[in-house]
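Heads up, the thing below is written out as structure tokens.
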Amino acid sequence: MLIELRNLLISVPTENGRRDLARNINLKLSPGQIITIAGPSGCGKSTLLRSIIKLTPLLEGSISIADRSIEEWSIPELRNRCIYLHQHPVIFPGSVELNLTMPFNFRLNKKIRRNHRKISEVINAVGLPADSLNINSSTLSGGEAQRVALARAMLVEPQVLLLDEPTASLDPDSSDIIIDTIKRWIDEKERGVIWVVHERDVIRKLGVDPMVMTPDGLVASGSSHDK
């Protein structure tokens, strides 16, 4: 099992303490699986993803990664194994190539060689032209930045991607490229994805009925569910 969530409480801090968004969140992610999560804005979908990698404190319940409690994982190991991609990813000043190779400077990734052929393949896979490597990151559109962030994550070779509406800034053709890329990425090795999704077209193209986040837990729904 890649990830198992048991009886999580999802909440956010407020001036008076906290506001509970959802409880009794239970989920299992297996190798080769895409799980999609839908629900109204503010219901806790992004907070759930952040909880998995300790960006948001876990107040109730438990999370296991590869059958080990997240408490047994160091934060660098955890966030290398499960990479969270925000709707507005962090892009560093400098070239696209610098952004793609930045993770190789971290101790945990020293074993991953800077393979220029692999970098070119990943850039192509996310639908960016080959000469994108020399582009200054400050000139990237929101959709281009999202694709650079996805390429950077794929180069680190995590087991799980936690995707927070990764196609929200993309046109339909670019969105299709990302969907196809992630499907192939999962098939290459024993990987998995938890995908917070908004667009009905994306749900349909993924071919996975979403789980809908409610105050009382995740509820299975048909792909026609209106977010």
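The values are calculated or read from the model by the stated rules, or taken from the named source; none is laboratory data. Because the structure is a prediction, the values reported are computed rather than measured. Cβ placement follows ideal geometry from the backbone for every residue including glycine, while neighbour counts extend to all protein chains displayed.
If you check Val122 against the conditions, is it within 16 Å of the chain's Cα centre (by Cα) and in a helix (DSSP H, G or I)? For Val122, the condition - within 16 Å of the chain's Cα centre (by Cα) and in a helix (DSSP H, G or I) - is not met.
Of the strands (runs of 3 or more DSSP E) contained entirely in region 8-97, those carrying at least 3 residues that are surrounded by fewer than 17 Cβ atoms within 10 Å (Cβ to Cβ) fall at 17-29. Val197 passes all but one of (1) farther than 26 Å from Ile53 by Cα; (2) modelled with pLDDT under 95; (3) of a type outside the set (D, E, K, R); which number fails? Evaluating Val197 over (1) farther than 26 Å from Ile53 by Cα; (2) modelled with pLDDT under 95; (3) of a type outside the set (D, E, K, R) leaves (1) as the failure.
With the requirement that a residue be assigned to a strand (DSSP E or B) and under 15 Å from the mean Cα position of the chain (by Cα), what does region 184-218 give you? Give the derivation first.
In the first step, residues of region 184-218 are kept if they are assigned to a strand (DSSP E or B); the result is 192-196, 211-214, 217-218.
Within region 184-218, Gly192, Val193, Ile194, Trp195, Val196 meet the criteria.
Looking only at residues in region 151-167 that are surrounded by fewer than 24 Cβ atoms within 10 Å (Cβ to Cβ) and out of contact with any strand residue (DSSP E or B) (no Cβ under 6 Å at 6 or more places or on another chain), the one that is nearest to Ile178 (Cα to Cα) is Ala151.
Considering region 170-183 alone, what residues qualify as being assigned to a loop (DSSP other than H, G, I, E, B) and surrounded by fewer than 18 Cβ atoms within 10 Å (Cβ to Cβ)? Let's see the steps before the verdict.
Quick first cut of region 170-183, residues assigned to a loop (DSSP other than H, G, I, E, B) only: 170-171.
The one that is assigned to a loop (DSSP other than H, G, I, E, B) and surrounded by fewer than 18 Cβ atoms within 10 Å (Cβ to Cβ): Asp171.
Within region 112-168, the set of residues being without any contact (Cβ under 8 Å) to a residue 12 or more places away in the chain and acidic (Asp, Glu) comprises Glu121, Asp131. Given the conditions (1) in contact with a strand residue (DSSP E or B) (Cβ under 9 Å, 6 or more places away or on another chain); (2) crowded, with 18+ Cβ neighbours inside 10 Å, report the number of the one that Arg147 does not fulfil. Among (1) in contact with a strand residue (DSSP E or B) (Cβ under 9 Å, 6 or more places away or on another chain); (2) crowded, with 18+ Cβ neighbours inside 10 Å, Arg147 violates only (1). Could you tell me whether region 28-36 includes any residue that is under 17 Å from Asp216 (Cα atoms) and hydrophobic (A, V, I, L, M, F, W, C)? No; the residues of region 28-36 include none that is under 17 Å from Asp216 (Cα atoms) and hydrophobic (A, V, I, L, M, F, W, C). Hey, any hits in region 156-169 for a residue that's farther than 19 Å from Ile37 by Cα, in a helix (DSSP H, G or I) and not hydrophobic (A, V, I, L, M, F, W, C)? Among the residues of region 156-169, not one is farther than 19 Å from Ile37 by Cα, in a helix (DSSP H, G or I) and not hydrophobic (A, V, I, L, M, F, W, C), which makes the answer no. Within the set Asn115, Asn136, Asn99, Asn124, the sole residue that is among the polar types (S, T, N, Q), at negative phi and at pLDDT below 85 turns out to be Asn115.
Scanning region 211-227 for residues that are modelled with pLDDT under 95 and in contact with a helix residue (DSSP H, G or I) (Cβ under 7 Å, 6 or more places away or on another chain) yields a single hit, Ser223.
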